[in-house]
Amino acid sequence: MATVKRIGQRGLNALRKYFPSIMNMLENYQISNFKAGIKLDELVTGVTVFWATDAGLAPHFVSQCILAKTLKENHFPVILIRCKQNYSRCIVMESVSLSSNKDKKTLTQKQLICNQCQKNMQHMATQYQLPMLDLEDLLEVSMTDLEKCLPQDIDALVNFSYEGLHIGKICAGEVIRTRKKNALDFVNPEECAALRQYILSALTNYLAFKKLSSIVKVGHVAFYGDYAPIIPVAYLAHQNKIPVTNIANASIGNVKRSQVVLMSAYSAHDYFLRLKHWEEMKQYPLTPGQVIDISKDLFERFYSNLFTVFSPNKTQFAQDLLAQFKLNPSRKTIVAFTSSLDEVFAVRLQYEGVGLNVEAFSDTGPFKNQIDWLKHLSEYVEHHDEYQLLIRIHPREGFDGYQVIESEHLMALRQAFADKQYQHVHIIWPCDKISSYDLAEIADLVVVAWTSLGLEVARLGVPVLAAFRYTAYPFGEFIHWQATKDAYFNEIEKLTQYQATSLSTILYAYRWFYIQRLGASVDIQDMAPYHDFNTLPEFKMPAHADKIVEVFTQNKSLFETNMSMQKSNLAEQEEHMLKAQMRKSLFFILTGCVLESDYQFVLFNNEEMDISLAKQYYEAQFATNHTPHILFSIKAGNILLVDKAHSFVKYSPMAARLAQMLA
């Protein structure tokens, strides 16, 4: 049985303050000398520790407080770990792009950030009567002494490890992501300083958790987001066979704060683990409500200026892109969407740091990298008369509204294509105010590096081909991938043959979206239906509190719990609702308007796409009908729409596919 050989006085003070029941136990055992060995199992069993050191990000902390309060009200012990200026650098500082320099202005800004973070923690934890423990009460070494232990050489710093954990790589990943780098070449003094500061913060967490787990028995560890400084806590917990939960909010409709995601320690790895369940779970239909929620996500992404969407809003003028880029309507239009290299590079580094192998992150596949992919794709199009290509460089690669820096990958792309003179290939750079959704609307085929936009447009029946496997997609049903160049380009030929999409393709895209984004989530909206989660709502026991308690006290997988509740007898209801949502989506794509109710779809045989003829037919058949009818005609990628308020013809292969399916 594990024992504590010596409990420091500060640790005892913390226990006395926050766990008086533990001190009562000590008195019952008549232990007066706290230097004696104390059996952990006689002190406390299963404290759930929320490593809530990012309280400055209020929505993150609110989620943790609600979970902790739910456990506490169900009589399970919890504790919140609080930072009181113990970090050299953290995600809260990063969120406001705080410099890593130590000039007076930066230090003043850092002080303000830390003050707000502590204020949030104190106010919210007190409101919910949640116990707190300060990081500094768990540290036996000063930050100054820690910093002296770090190597000065930057390469040695990147390769710095502590007790088998490659903290240098983990923190290098964070700097890679936040500075949009594509290589481990830290030459900029600000980058080097940020790396050192992240390592100090990560090491602080490692030592603090190691001390905490020697004082009390930790039953579960939870934190919000697998950022570099927190990863050592997850690693050490795993080493000690302590369950870990990574908290997030569902990525649907921007971010749905009332939908709390509870997954395993490393988020990207968790998504890939779900692929193992796909063959079984793809057979289970969604509820009508789930279909509606996933459809709303599409509408919001198109037009709502969401902070998780980097593309400009969709417009009603997608067909104008034909003239803007002098596209030939007789050629098939392929639209390529790149991805942010630094993000996947960062995750790969961090997983290497903890010794986690994700096969999909290997470089096996048809192309060496995105530049290699785009060059081969461009040359292929230039040598095939039936194709034309639009390349959309990911908007995040430029000045994205959050970070006023360009990515190193963007610089490499510019250099790689600076001297290329293509006749049928057009590159759209991050600064170009063109909506990715408008581009997808006119595409005969969307090809992606690994961006999530592939899943977004697959939900509307657009054929999608991925070049890399870095995102968790179950290839085959709605997104395709091939292992060799020859197979990849053969797949392009196959997918560009115009045809209506199938309902099953869209259905599988919807089901995977649910599994990936919502499969490990619990809905707490009943607790605070109209709350924005920037402040703490008045607590009310969530309806699904039992799910939360099972995750933290029995180490049950919320994903597996939710999947076990999916019913196999809803296929007819799912199909009915999906068709209704596709009719609304079709109208939405063509008009930009969201219909509150469904309508009767009418396909009118009109080879000449004559608007006058279509209007005459509509007036004769449906003008006085109380049931809403909308009339459509289709010719290749062109679509005609007539109803009481609209009459037009647009070029929209996306809409034409959907209409053909609904006919």
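So the values come out like this:
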{"quantity": "Isotropic mean projected area of the C-alpha convex hull, segment 103-227 (nm²)", "calculated": "9.5"}
{"quantity": "Taking segment 96-194 and dividing mean pair separation by its residue count, relative contact order in percent (alpha carbons under 8 Å, at least six apart)", "calculated": "24"}
{"quantity": "Bins of 10 Å, starting at 0 and running to the largest distance - Cα pair percent for segment 87-166", "calculated": "13, 33, 38, 15, 2"}
{"quantity": "Given charges at beta-carbon only (K, R positive; D, E negative), |dipole| of segment 250-329 in Debye", "calculated": "120"}
{"quantity": "Selection from 641, 481, 151 lying farthest towards where the dipole of the chain points positive, charges on Cβ", "calculated": "151"}
{"quantity": "Angstrom value of the Kirkwood radius, inverse mean 1/r, which spans all Cα pairs in segment 245-387", "calculated": "19.4"}
{"quantity": "Efficiency of FRET from Cβ geometry, residue 405 and residue 611, R₀ 60 Å, rounded to 0.05", "calculated": "0.75"}
{"quantity": "Ellipticity estimate at 222 nm from DSSP helix runs (n ≥ 4, -39,500 (n - 2.57)) divided over the chain, nearest 500", "calculated": "-13000 deg cm²/dmol"}
{"quantity": "Efficiency of FRET between residue 575 and residue 595 - r from beta-carbon atoms, R0 30 angstrom, step 0.05", "calculated": "0.95"}
{"quantity": "Selection from 563, 586, 514, by position along the positive dipole direction of segment 512-595 (Cβ)", "calculated": "586"}
{"quantity": "Cα coordinate range in segment 334-413, projected on the principal axes (Å, largest first)", "calculated": "49, 33, 17"}
{"quantity": "Electrostatic dipole magnitude of the chain [Cβ: Lys, Arg +1; Asp, Glu -1; Cα centre; debye, to 20]", "calculated": "1680"}
{"quantity": "Normalised contact order of the chain, rounded percent, pairs of Cα under 8 Å and 6 or more residues apart", "calculated": "14"}
{"quantity": "Listed residues 277, 266, 334: farthest to the positive end of the dipole of segment 257-334 (Cβ charges)", "calculated": "334"}
{"quantity": "Cα-based convex hull, segment 73-113, per residue volume (Å³, whole number)", "calculated": "95"}
{"quantity": "Cα-Cα P(r), segment 518-592, percent of pairs per 10 Å interval", "calculated": "15, 27, 31, 23, 4, 0"}
{"quantity": "Extension gain (nm, one decimal) between residue 564 and residue 317, 0.36 nm per residue minus Cα-Cα", "calculated": "84.5 nm"}
{"quantity": "Percent of beta bridges antiparallel (DSSP, the chain, rounded to nearest 5)", "calculated": "35"}
{"quantity": "Proximal charge balance of residue 336 [Cβ under 12 Å; K/R count +1, D/E count -1]", "calculated": "+2"}
{"quantity": "Peptides ranked, highest mean first, by Cβ atoms within 10 Å: ranges 141-147, 294-300, 617-623", "calculated": "294-300, 617-623, 141-147"}
{"quantity": "Linear extension gain, residue 161 paired with residue 385, 0.36 nm per residue minus alpha-carbon span", "calculated": "75.2 nm"}
{"quantity": "Mean Cβ neighbour count within 10 Å, used as a protection proxy, ranking 470-479, 68-77 highest first", "calculated": "470-479, 68-77"}
{"quantity": "Cα-only radius of gyration and Dmax that characterise segment 423-566, units Å", "calculated": "20.2, 63"}
{"quantity": "Portion, in percent, of the accessible area of the chain that falls on carbon or sulfur, probe 1.4 Å", "calculated": "50"}
{"quantity": "Where the chain is the region considered: accessible area per residue in Å², 1.4 Å probe", "calculated": "42"}
{"quantity": "Cα pair count fraction exceeding 24 Å, expressed as % - segment 567-663", "calculated": "21"}
{"quantity": "Segments 320-326, 633-639 sorted - mean Cβ within 10 Å per residue, highest first", "calculated": "633-639, 320-326"}
{"quantity": "Chain lengthening between residue 412 and residue 553 when straightened (0.36 nm per residue, less Cα-Cα)", "calculated": "45.9 nm"}
{"quantity": "Cα-based Rg of the chain normalised by 2.2 N^0.38 Å, two decimals", "calculated": "1.06"}
{"quantity": "Cα-based Kirkwood hydrodynamic radius, segment 357-396, one decimal, Å", "calculated": "12.1"}
{"quantity": "Charge dipole (debye, nearest 20) of segment 467-570; +1 at Cβ of Lys and Arg, -1 at Cβ of Asp and Glu", "calculated": "200"}
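The values are calculated or read from the model by the stated rules, or taken from the named source; none is laboratory data. Nothing here was measured: the structure is a model prediction, and the numbers come from that model. Note: ideal-geometry Cβ built from the backbone for every residue, glycine included; neighbour counts use all protein chains shown. Note: accessible area is taken over every heavy atom of the protein model, side chains too, but ligands, DNA and RNA are not part of it. Shrake-Rupley method; radii C 1.70, N 1.55, O 1.52, S 1.80 Å.
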